[in-house]
Each structure stands twice: as C-alpha cells, then as structure tokens.
Amino acid sequence: MVAKDWRTLDESDVRVRPGKGSRPRSKRRPKHIDAVIAMVTSVDRGRWTCAVDGDPERTVTAMRARELGRTPIVVGDSVSLVGDTSGNPDTLARIVRVADRSSVLRRTADDTDPYERVVVANAEQLLIVTALADPPPRTGFIDRCLVACYTGGLQPVLCLTKADLASPDEIIDRYADLDLPAIVTRRDAPVDELADRLTGHVTALVGHSGVGKSTLVNRLVPDAELLTGEVSAIGKGKHTSVTAIAMPLPQGGWAIDTPGIRSFGLAHVTADDIVSSFTEFAEVAEHCPPGCGHLGAPSDPDCALDTVVAEDVAPAGRLTSLRRLLASRAGLDVD
C-alpha cells in the first residue's frame, strides 16, 4: 500500500475511533434458558458446591455471577447454573439465579444485633437436638428454636439425646401443649425412629455444642466423617461443625448439619410474628391494644388472648406455651 501525501488528505481520510462511552449500554440481560437447577450443599470462600437436580452423585462447584451482585446464597438454596456443569475437576459453573425460598432458618448473634443471618434455606424440618444430661438441657434454647421455626416456616422436631443418662419425661411434658414431635435417642440403641422421620425430607439440625448432634449425623450418614468432639469437664462442648453442610441420607432426603450455636438471637422477630403462627390466637390478637406484647398480666393486662381460653376455644396450656415463647423472645426468665 502506497502512503498518501499528508498534504492531500482531508476529513474523509481520517479514521476517528469512537470513545468508550459513545456506545449505548443495553439493559437486556441473557435469560439463561439453558440453565440447570441445583441445590446448594456447602459454601466455602466464595465457592458453592451444588447438587444438580438434587442428585448427590452430580456435584458442581460454582461461583456467583456478576449480575447477582452480593445476593446471599446459603445451603439449601435452589439455584440456576450455567457454564460448565459437568462437575469435572478444575471446572467452574456460574450461579445466575436464586429461586424464592419456601422456608428460612435465620438468627441474629444476640437480641441487640440488627443483622439477621440466614443459616439454611428451604428446609422442611428443624431437628432441635438437646441432651438430657452432660450438658443439661436448656429449655430457653429450645424455645428460641421453636420461635425461629414458627416464623420461618419450618416444622420443629425435638430430638432428646443421651436418654441413658436421664429421663426425657419432664422435657416432653413441658412441650405437650405445642404438639411438638419428640424423638428420644440413647447411645446404646439404634436411631431407626429418627432415620424414618428424616427420610425423604430436607432437615436442618441445630443444637448446642456437646449435645451429640455430630454423633447423630455420623450414625444417620455413615460417610459423613464428622468430628465428634468430647464434652469438656465444665459441661461445654467443643465446636466440631464450623459451617452448614447438606449430606444425603441413605434412603433419600438431606440432613443439613449446622455449626454449634451458643446463642440464638431473635432481634428480627416481633411478638405478632409468633402469635400469627398460632391460628387459634392470631385473629383475636388483632383486638389487643397497640404495642401489646401478649404476655398477659401484669405486663399486658388488656391482652385479648385470654378471651380465647375463657371461651374454651383453646386450652390454657396452649396459651401458657405461647406466652413462654413470647417471654423467651423478649429475653425474660420464662421459668
């Protein structure tokens, strides 16, 4: 090509590169119609392990797509994946959508913490694991877990461990009016009843450290290989689970083991949230005075919930159980 004499050039010979901002940005985003559905089974430093179509044999490692920003993604979430979903070593898919959650297990660090944390999504049941001895049962913790279930859309199930050390009768009687399913286990007996309750469902397990939660998971899921820490001499266990992880059950379903919890904050829960979960009291509660905590006299002398019991719509024990949960949420001594 022969170069032109610059003295003969005009504007038609000059090529001007358009500026970076001259091209309008499209607001259209890909629909990802070819995305595959998967369940998040674990989270580790910005990487999510997902079971494609809920199949534990088809696991994929994924990252969060840029368009999701800082959208929280937790164990149990149903997500849409694109990219390399083969699951082969050194491959990485992208999470482009997070489906609406059917339930959430959330808590705050304490009752003054304004930031709620979603621990598990889409679980059908919450197995509240409590030891009958070594360490002794903490009914306040059970109450708070029940509040989290009623307000988060989970079915609570009470699991009382170490029945070879103490009787479960007192704890079972305490929650009789809540129709709370209770399963009792002991170290020297099989866990068939518990396995039957969990099979075919997505169940989150929660409990204080040392109550035997990881031991139960190891018995339910032989390949779990979880550490089972020993209870210390002062009655406080070591934290053996450090992050939530979903594990497939042999006969179907998932068990989601959560980290040992020392406190269960309920700063995000209101008294009305709890009452709305008790259908026999929910409508009447609308006639309570503004700001009513529904605790009854002397705190709330004009609470309308007492009329439900007076008219034999619900037994007194049911209202007592409800108010115990309300008191626990408020940080009061329920005993």
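Annotations
- Options Gly229, Gly235; residue that is buried (at least 16 other Cβ atoms within 10 Å of the Cβ) and either among the acidic types (Asp, Glu) or at pLDDT below 50 (or both): Gly229
- Subset of the stretch 61-85 that is surrounded by 14 or more Cβ atoms within 10 Å (Cβ to Cβ) and charged (D, E, K, R) - its residue that is nearest to Gly253 (Cα to Cα): Asp77
- Matching residues, the stretch 145-180, being part of a helix (DSSP H, G or I) and within 17 Å of Glu193 (Cα to Cα): Ile172
- Residue within the stretch 157-165 that is open to solvent by 20 Å² or more (accessible area, probe 1.4 Å) and within 26 Å of Leu322 (Cα to Cα) present: no
- Residue within the stretch 201-220 that is modelled with pLDDT under 95, farther than 21 Å from Ile183 by Cα and open to solvent by 10 Å² or more (accessible area, probe 1.4 Å) present: no
- Cross-chain or 6+ apart pairs with Cβ under 6 Å, the stretch 313-328 first and closer than 26 Å to Ala267 by Cβ, then open to solvent by less than 20 Å² (accessible area, probe 1.4 Å) and of a type in the set (D, E, K, R): Leu325/Asp143; Ser328/Asp143
- Residue check: Thr151 meets all listed conditions (1) over 14 Å from the mean Cα position of the chain (by Cα); (2) open to solvent by 20 Å² or more (accessible area, probe 1.4 Å) but one, namely (1).
This table checks each residue for (1) open to solvent by 20 Å² or more (accessible area, probe 1.4 Å); (2) in a helix (DSSP H, G or I); (3) in contact with a His (Cβ under 8 Å, 6 or more places away or on another chain).
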{"site": "Pro289", "(1), (2), (3)": "yes, no, no"}
{"site": "Gly296", "(1), (2), (3)": "no, no, no"}
{"site": "Val308", "(1), (2), (3)": "no, yes, no"}
{"site": "Ala314", "(1), (2), (3)": "no, no, no"}
{"site": "Leu332", "(1), (2), (3)": "yes, no, no"}
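- When Val98, Val118, Val104 are checked against the criterion of being more than 14 Å from the chain's Cα centre (by Cα), without any contact (Cβ under 8 Å) to a residue 60 or more places away in the chain and closer than 18 Å to Ser42 by Cα, a single residue qualifies: Val98.
- Asp273 falls short on exactly one of the conditions (1) open to solvent by less than 20 Å² (accessible area, probe 1.4 Å); (2) in a helix (DSSP H, G or I); (3) in contact (Cβ under 8 Å) with a residue 40 or more places away in the chain, and that condition is (1).
- Residue count, the stretch 35-81 (criterion: farther than 21 Å from Thr243 by Cβ, at pLDDT below 95 and not in a loop (DSSP other than H, G, I, E, B)): 2
- Qualifying positions in the stretch 93-144 - among the polar types (S, T, N, Q), in a loop (DSSP other than H, G, I, E, B) and open to solvent by less than 40 Å² (accessible area, probe 1.4 Å): Ser103, Asn122
The values are calculated or read from the model by the stated rules, or taken from the named source; none is laboratory data. Remember, it's a predicted structure, so these values are computed and weren't measured experimentally. For neighbour counting, all protein chains shown are included, and Cβ atoms are generated from backbone atoms with ideal geometry for every residue, glycine included. Just the protein is used for accessible areas: all its heavy atoms, side chains included, with ligands, DNA and RNA removed. Shrake-Rupley method; radii C 1.70, N 1.55, O 1.52, S 1.80 Å.
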